[in-house]
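Computed from the coordinates by the stated procedures, all read-outs in this text should not be read as laboratory data. Since the structure is predicted, the reported quantities are computational estimates derived from the model, not experimental observations. Positions of Cβ are generated from backbone atoms using ideal geometry, with glycine treated the same way; all protein chains shown enter the neighbour counts.
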Ligand code: GLU
């Protein structure tokens with residue numbers, strides 16, 4: 001069977017770095033196994049899901065370097081979900097319930113006060129045909145629950161029923177089906193909650209491994225029971241730790257926290273985002289991998305720790321900067337061209353400035369400085385101005401060699417007696433308008449004699 005994984009976001013907001021972690025775990029697992037990766041939109045909640053969010057998620061994944069083999073939408077698969085629901089009803093495994101949330105809450109409190117587990121007591125199973133008719137005549141519509149297989153003969157006598165699996169991230173796991181309520185699969189308005197469509201689609205798309213956040217661990221117990229009730233083979237499961245903000249607060253898609261789109265718009269490198277999303281919260285070190293292949297080699301799902309990992313935007317910026325500064329010209333040529341940086345100078349220009357920028361977009365400012373002159377006017381005092389004028393008069397004639405900077409500054413040193421910072425800083429300010437920046441020995445040949453003289457104060 002082909003190893004098949006899926007990332008199944010609900011398109012109800014922009015995905016954030018925590019969602020990217022889930023997507024990448026599935027994508028890298030599939031790649032490592034030479035398998036398939038499906039992007040599935042869990043869009044059964046039609047009130048909150050939108051096509052725009054789905055399109056943005058596709059774009060975000062593409063930017064991260066994830067290429068789905070197939071894209072499906074749950075909203076196109078309602079017939080399959082209906083068939084599965086009908087099958088479960090026929091088997092007596094899906095039963096109608098009429099309680100309001102207030103009634104359920106009241107019962108939960110009573111159970112707690114009697115020291116009983118606060119789970120649904122299956123009262124609706126006791127309703128007769130006539131009771132149901134009467135309730136429906138009162139205007140109540142049923143919601144439908146899945147009867148968990150946690151009893152021998154009598155559903156009102158649940159017993160400890162362990163569901164176990166060997167989690168690809170967390171190792172052996174056990175969930176007791178008697179510790180949870182029969183999950184609601186269908187809402188009062190007839191729409192599906194996530195559980196049933198997810199299992200049906202996983203079966204139909206032959207998903208072999210499901211990797212998701214550890215907030216789904218308990219859910220997995222119920223879903224395994226559902227796979228079995230539908231006569232399907234149970235896939236392997238993995239649950240990774242979640243990411244939180246540095247404050248410890250959970251990331252929320254709806255709040256737009258640290259969305260992938262905002263990181264992209266900030267000019268961060270996609271491989272820095274992907275590297276951090278995958279390598280954070282694990283036993284190994286976090287490093288910026290320059291390619292998906294390199295990240296795939298570092299990816300080890302079982303190395304994730306159990307506790308939540310704090311995501312620090314500062315660390316992301318650092319990784320992104322490292323990647324930018326290591327990029328060879330070939331890797332950025334296209335992006336530089338989009339910034340208007342083209343021609344014979346583009347390559348030596350990149351080599352001169354790449355160590356001084358954070359984001360590729362920052363190259364544009366240096367290009368303006370090289371091509372047009374300083375964009376900021378950092379003032380030189382009178383003495384420095386006189387010194388710079390004198391220095392410019394000592395500028396070597398053309399043709400220039402690559403040693404021109406050395407040649408020029410040693411002349412200036414001899415003639416003026418200035419050295420070190422006293423000599424370099426005013427020259428740097430005159431040439432670039434800034435007190436810091438790329439090596440002037442690399443910049444000078446890019447300016448040329450004429451361009452240099454044009455900066456004479
Ligand atoms: N749509 C679900 C979610 O976003 C998917 C969970 C799963 O991977 O099964 O939580």
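Binning at 10 Å from 0, report for segment 255-382 what percent of all alpha-carbon pair distances ends up in each bin.
Binned Cα distances yield the sequence 11, 35, 29, 16, 7, 2, 0.
Can you give me the Cα centroid spacing of segment 152-216 and segment 302-341 in angstrom?
So the separation of the two Cα centres works out to 37 Å.
Using every Cα-Cα pair within segment 344-435, state what percent have a distance larger than 17 Å.
I get 57 percent for the Cα pairs in segment 344-435 exceeding 17 Å.
Over the alpha carbons of segment 1-145, what is the largest minus smallest coordinate on each principal axis, giving the biggest first in Å?
Projected onto the principal axes, the Cα atoms of segment 1-145 cover 56, 36, 33 Å.
Determine the shape class of segment 71-225: with a ≥ b ≥ c the square roots of the Cα gyration tensor eigenvalues, call it rounded for a/c under 1.5, and otherwise prolate if a/b is greater than b/c, oblate otherwise.
Since a/c reaches 1.5 but b/c is at least a/b, the shape of segment 71-225 is classed as oblate.
Could you sort 303-314, 384-395, 264-275 so that the peptide with the highest average Cβ count within 10 Å comes first and the rest follow in order?
Output ranking for 303-314, 384-395, 264-275: 264-275, 384-395, 303-314.
Please compute one quarter of the surface area of the Cα convex hull for segment 255-298 and express it in square nanometres.
Projected over every direction and averaged, the Cα hull of segment 255-298 covers 3.5 nm².
Can you tell me the Rg and Dmax of segment 288-344, counting just the alpha carbons, in angstroms?
According to the Cα coordinates of segment 288-344, Rg and Dmax are 16.0, 52 Å.
Report the normalised scattering of segment 314-376 as log10 I(q)/I(0) at q = 0.18, 0.19, 0.23, 0.29 Å⁻¹, calculated by the Debye formula with identical scatterers on the alpha carbons.
Treating every Cα as an identical point scatterer, log10 I(q)/I(0) equals -0.60, -0.67, -0.94, -1.33.
Can you give the convex hull volume per residue for the Cα atoms of segment 304-457, as a whole number of Å³?
150
For the pair residue 1 and residue 339, what calculated FRET efficiency results from E = 1/(1 + (r/R0)^6), where r is the Cβ-Cβ distance and R0 = 45 Å, to the nearest 0.05?
The pair residue 339/residue 1 has a calculated efficiency of 0.40.
How long are the three semi-axes of the equivalent ellipsoid for segment 69-117, computed from the Cα gyration tensor as the root of 5 times each eigenvalue, in whole Å, largest first? If you can, show how the numbers build up before the last one.
Working: eigenvalues 242, 49, 24 Å².
One finds semi-axes of 35, 16, 11 Å for segment 69-117.
Can you compute the FRET efficiency between residue 78 and residue 105 using 1/(1 + (r/R0)^6), with r the Cβ-Cβ distance and R0 = 22 Å? Round to the nearest 0.05. Numbers along the way, then the final one.
Values: r = 31 Å, r/R0 = 1.40.
E(calc), rounded to 0.05, equals 0.10.
Based on Cα positions only, what radius of gyration and what Dmax would you give for segment 193-289, in angstroms?
16.8, 48
Could you work out the per residue convex hull volume over the alpha carbons of segment 392-457, in cubic angstrom?
82
Give me the distance between the Cα centres of segment 88-130 and segment 394-432, rounded to whole Å.
After rounding, the separation between the Cα centres reads 86 Å.
At 0.36 nm per residue, minus the direct Cα-Cα distance, what do residue 70 and residue 394 gain on full extension? Give it in nm, one decimal, please.
Extra length available between residue 70 and residue 394 comes to 110.0 nm.
Compute log10 of I(q)/I(0) for the chain with the Debye formula, placing one identical point scatterer on every Cα and leaving out solvent, at q = 0.08, 0.10, 0.11 Å⁻¹, to two decimals.
Taken in order of the listed q values, log10 I(q)/I(0) reads -0.63, -0.82, -0.93.
For segment 34-116, treating each Cα as an identical point scatterer without solvent, what Debye log10 I(q)/I(0) comes out at q = 0.20, 0.22 1/Å?
Each listed q maps to, in turn, -0.97, -1.05.
With r defined as the distance between the Cβ atoms of residue 326 and residue 188 and R0 fixed at 56 Å, what FRET efficiency is calculated, to the nearest 0.05?
Rounded to the nearest 0.05, the efficiency is 0.50.
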